[in-house]
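Note sheet for the following structure.
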Amino acid sequence: MSEQALFVMGEDGHLDPGVILGYLPGRPIPVSPLRLGAHARIRSNSVLYTNSVIGDYFETGHNVVVREENQIGHHVSIWNNSCIDYGCSIGNGVRIHNNIYLAQFTVLEDEVFLAPGVMMANDPHPICTKCMKGPTLKRGCRVGVNVTILSHVTIGEGALIGAGSVVTRDIPPFTLAYGNPAKPRKPVDALTCPFNLVTPYVAGRDVRTREREGSA
């Protein structure tokens with residue numbers, strides 16, 4: 001495959017100097033072009049491999065790596081020094097902050113938010129590759145800074161994971177969980193702002209009623 005055919009880019013994209021599109025994977029797989037949607041904004045020293053499909057309005061910070069065989073939706077942002085390993089599925093409107101690692105075969109549904117330093121695992125017994133599976137984060141869940149999420153875990157829709165937690169088991173939908181190991185503590189609808197600056201935390205309700213009320 002020629003260098004020119006290693007990526008296909010949509011209209012109105014902007015690439016900083018030092019960006020690499022269509023980087024060849026080291027794994028012995030059939031190569032297909034990286035497909036990058038319209039209105040992309042890719043900042044310096046980011047590397048996007050072949051064999052991935054990325055939607056419109058994709059945006060990176062600096063030094064972002066997106067490996068091969070990823071499916072990424074529209075309006076997704078990935079910030080500085082974060083890495084998306086191969087074989088992940090990322091929905092629409094997902095925000096991935098700085099210094100984050102998504103292990104192979106991780107699933108992020110629409111509108112998931114990951115704060116800085118989130119780390120994910122995909123292997124219950126490292127080195128063995130037979131049962132690799134990353135976490136699954138359901139629609140609209142939010143994960144705090146420096147959280148570690150182990151393999152095969154599911155975090156429910158609209159859930160909130162407190163900073164520094166280690167998630168070893170499934171977390172129910174619309175639930176605040178924290179600790180090591182993280183445990184369900186209360187419904188997210190029960191949370192309030194400690195500074196009385198905003199209305200009570202209603203992430204769960206927002207996710208459940210977004211379409212009906214037209215709210216973001």
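No lab work stands behind these numbers, since they all come straight from the coordinates. What you see is a predicted model, and the numbers here were worked out from it, not measured in a lab. Heads up, the Cβs are rebuilt from the backbone with ideal geometry, glycines too, and the neighbour counts pull from every protein chain shown.
A simple spin-label model places pseudo-atoms 7 Å from Cα toward Cβ; at His62 and Ser44 they are separated by 0.6 nm. Scanning residues 5 or more positions from Tyr178 or on other chains, those with amide H under 5 Å from its amide H are Gly162, Lys183, Arg185, with H placed 1.01 Å from N in the peptide plane.
The residues neighbouring Thr154, those whose beta-carbon lies less than 14 Å from its own, together hold a net charge of +1 under the Lys/Arg +1, Asp/Glu -1 convention. The Cβ shell under 13 Å around His39 holds other residues with a net charge of -3, Lys and Arg each +1, Asp and Glu each -1. Evaluated at q = 0.11, 0.13, 0.23, 0.27 Å⁻¹, the base-10 log of the normalised Debye intensity for the range 22-95, with identical point scatterers placed on the Cα atoms, takes the values -0.22, -0.31, -1.01, -1.38. When the helices of the chain are scored as -39500 (n - 2.57) per DSSP H run of n ≥ 4 and the total is divided over every residue, the value at 222 nm lands at -1500 deg cm²/dmol.
Each of Ser52, Ala38, Gly10 was scored by the projection of its Cα onto the charge dipole of the chain, and the greatest displacement toward the positive side belongs to Ser52; charges sit on the C-beta of Lys, Arg, Asp and Glu. Rounded to the nearest 20 debye, the dipole size of the chain about its Cα centre is 760 debye, using +1 on the Cβ of Lys and Arg and -1 on the Cβ of Asp and Glu. Out of Pro124, Thr148, Ala182, whose Cα points farthest toward the positive end of the dipole of the chain (charges: +1 Lys, Arg; -1 Asp, Glu; placed on Cβ)? Ranked along the dipole, the leading option is Ala182. Assign one of three labels to the range 34-74, namely rounded, prolate or oblate, based on the Cα gyration tensor with a ≥ b ≥ c the square roots of its eigenvalues; rounded applies when a/c is under 1.5, prolate when it is not and a/b is larger than b/c, and oblate otherwise. Oblate, since a/c reaches 1.5 and b/c is not below a/b. Using only Cα atoms and rounding to the nearest 10 degrees, what angle (0 to 90) does helix 203-213 make with the longest principal axis of the chain? Relative to the chain, helix 203-213 is tipped by roughly 70 degrees. Using the Cβ atoms and a cut-off under 13 Å, what net charge is assigned to the surroundings of Asn63, where Lys and Arg are +1 and Asp and Glu are -1? Around Asn63, the charge tally is 0. Peptides 168-181, 56-69 ordered by packing proxy, namely the average of other Cβ atoms within 10 Å per residue, highest first: 56-69, 168-181. Partner lysines whose Cα lies under 27 Å from the Cα of Lys183, excluding those fewer than 8 positions away in the same chain, are identified as Lys133, Lys138. Each residue of the range 130-138 was assigned a 3J(HN,Hα) from its phi angle through the Karplus expression (A = 6.51, B = -1.76, C = 1.60, θ = phi - 60°), giving 7, 10, 5, 7, x, x, 10, 10, 6 Hz with x at Gly and Pro. Working from Cα pairs under 8 Å separated by at least six residues, relative contact order for the chain is 9 percent. Computed over the Cα atoms of the range 3-188, the ratio of the radius of gyration to the Kirkwood radius (Rg/Rh) comes to 0.99. With R₀ set to 22 Å, the beta-carbon distance separating Leu24 from Gln71 gives a calculated FRET efficiency near 0.70.
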